[in-house]
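Worksheet: the structure to be examined is printed underneath.
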Amino acid sequence: MTGEPEVVLGYGGEGGSVEIVRFAADDGTWLYRKTSRGMGFDGDDELIAIRPEDPPPPDGLCWVEALDLVSAHPWHLLYPTAMHPEYRDVLLREAMRKAMDQPDERSAEGLRDWLRAYRGDVSRRHDRAADSVATLPLPVIDTIRHAERVMVLTGAGISAESGIPTFRDALTGLWENFNPAELANADAFETDPELVWGWYEWRRAAMLKARPNAGHIALAELAALKPATLLVTQNVDDLHERAGSPDVVHLHGELQRPYCMRCRATYRVDDRIPDIPEAGARIAPPRCGRCRGTVRPGVVWFGENLSAGAWDIAHAGASQCDVLLAIGTSAQVAPASSLIDLARRRGALTVQINPNPPGNAAATDYWLPYGAGDALTEISRCIREGAGP
């Protein structure tokens, strides 16, 4: 053998550790050896040889062997202690796959450890509990930087960072005895229009009080840096527009665009915050100035079809993009969730930015377990400065 052994990957857990090292043989063959201590896997494994004519790492069989222990233990019990720069991309991809295959409340914390190791920081997670800096894989940045078409799909998570409640949040005040799904449908409006209109005005007031956050602002900057960026949102607020993003496609409608149920004319509302008690109030819906029909909220209710125009734009964008960023969405609400699958089938890189594990891991190339503000600010900085993470 020639040269000193190099550590390819090291990781540990409660009461044990694993290290994979490589040696260069005289004939050009790389020899890989895994050494385990504790966790019921004590000892040195036999050498795995990768000859010059074999597929080189990361495509070689050794990577399956190198990471098999990750799946043998609970994800949150493992943390990386070393990661070779030459192999960090494939190691991170495999670690992400394991995290998405074993989702629990600690998956994001564990994956953030591996992302820190990706940049060379192998501090124990317990010493870095407050770390919130988004560390981004180079393939993600490079793909966005060189992409001709970028598509962004946002969900409730990005608005939640501005203080807007999501449908998963418990309602309070007048609405505390209702599930949001019980109010967001045509039958509820027909049965009690004052209750439903009051709820949507309460939501509109919350929206107008909120301000765009760092994630909204970073997306507007990304659109300026990459003019072919298509922004599609499942949110009904106007925070993207107020942050400066152009031509936002709203799949589920807009709170600021109610319309007449009879003639379909848009009912004009101003930007003043509705004067509604914090606990909510029943409010009679207005009448259309054209035909005196009842005005309804400008959103897509459960059981209703999406706007054909908005869906056609989103579907075409997913079919043609080079990279799709899904941000703050569970990726489980149809038909919007199908856009991620479609983009990946057409060859796009798919990236989910969410503190929680993605709902459709099979369609996700990269999961970045961060809030929208942290991750998007870093993406925008890297593209703007031509820098890596």
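Structure data summary
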read-out	value
Residue under evaluation Arg116, criteria (1) at pLDDT 75 or above; (2) outside any helix (DSSP H, G or I); (3) not β-branched (Val, Ile, Thr), criterion not met	(2)
Leu136 being under 22 Å from Cys382 (Cα atoms), modelled with pLDDT under 90, surrounded by 16 or more Cβ atoms within 10 Å (Cβ to Cβ) and not small (Gly, Ala, Ser)	yes
Near pairs, Cβ below 9 angstrom, 6+ apart or cross-chain, from the stretch 331-346 (without any contact (Cβ under 8 Å) to a residue 40 or more places away in the chain) to any residue that is part of a loop (DSSP other than H, G, I, E, B) and hydrophobic (A, V, I, L, M, F, W, C)	Pro335/Leu251; Pro335/Leu306; Ser337/Ala331; Leu342/Ala348; Arg346/Cys321
Residue ID - surrounded by the fewest Cβ atoms within 10 Å (Cβ to Cβ), chosen from residues in the stretch 274-301 that are small (Gly, Ala, Ser) and out of contact with any helix residue (DSSP H, G or I) (no Cβ under 8 Å at 6 or more places or on another chain)	Gly289
Flag if Gly373 is under 24 Å from Ala223 (Cα atoms) and surrounded by fewer than 16 Cβ atoms within 10 Å (Cβ to Cβ)	no
Qualifying residue in the stretch 235-247 (condition: within 29 Å of Ser319 (Cβ to Cβ), without any contact (Cβ under 8 Å) to a residue 12 or more places away in the chain and out of contact with any helix residue (DSSP H, G or I) (no Cβ under 8 Å at 6 or more places or on another chain))	yes
Any chance Asp271 is crowded, with 17+ Cβ neighbours inside 10 Å and among the acidic types (Asp, Glu)	no
Single condition Ser330 does not satisfy, out of (1) under 19 Å from the mean Cα position of the chain (by Cα); (2) crowded, with 17+ Cβ neighbours inside 10 Å; (3) more than 28 Å from Ile217 (Cβ to Cβ); (4) among the small types (Gly, Ala, Ser)	(3)
Single unsatisfied condition, Trp301 versus (1) aromatic (Phe, Trp, Tyr); (2) closer than 19 Å to Glu254 by Cβ; (3) under 16 Å from the mean Cα position of the chain (by Cα)	(3)
Which listed residue is modelled with pLDDT of 65 or more and surrounded by fewer than 16 Cβ atoms within 10 Å (Cβ to Cβ), from Glu105, Glu46	Glu105
Matching option when the condition is touching a Pro at 6+ places or on another chain (Cβ under 6 Å) and under 17 Å from Arg204 (Cβ atoms), among Pro297, Pro277, Pro286	Pro297
Among (1) modelled with pLDDT of 95 or more; (2) farther than 18 Å from Pro193 by Cα, the one test that Glu278 misses	(1)
Within the stretch 68-94, tally of residues that are aliphatic (A, V, I, L, M), under 18 Å from Ser17 (Cβ atoms) and either touching a Ser or Thr at 6+ places or on another chain (Cβ under 6 Å) or at pLDDT 80 or above (or both)	2
Selection status of Ala220, buried (at least 18 other Cβ atoms within 10 Å of the Cβ), out of contact with any His (no Cβ under 7 Å at 6 or more places or on another chain), free of Cβ contacts under 8 Å to residues at least 40 places away in the same chain and farther than 22 Å from Pro285 by Cβ	yes
Residue within the stretch 215-222 that is under 25 Å from Ala375 (Cα atoms), among the aliphatic types (A, V, I, L, M) and at pLDDT below 95 present	no
Failed criterion for Glu304 (all others in (1) over 19 Å from Asp192 (Cα atoms); (2) assigned to a loop (DSSP other than H, G, I, E, B) hold)	(1)
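The values are calculated or read from the model by the stated rules, or taken from the named source; none is laboratory data. Just so you know, these numbers come straight off a predicted model, no measurement behind them. When we count neighbours, we look across all protein chains shown, and the Cβ atoms used for this are built from the backbone with ideal geometry, even at glycine.
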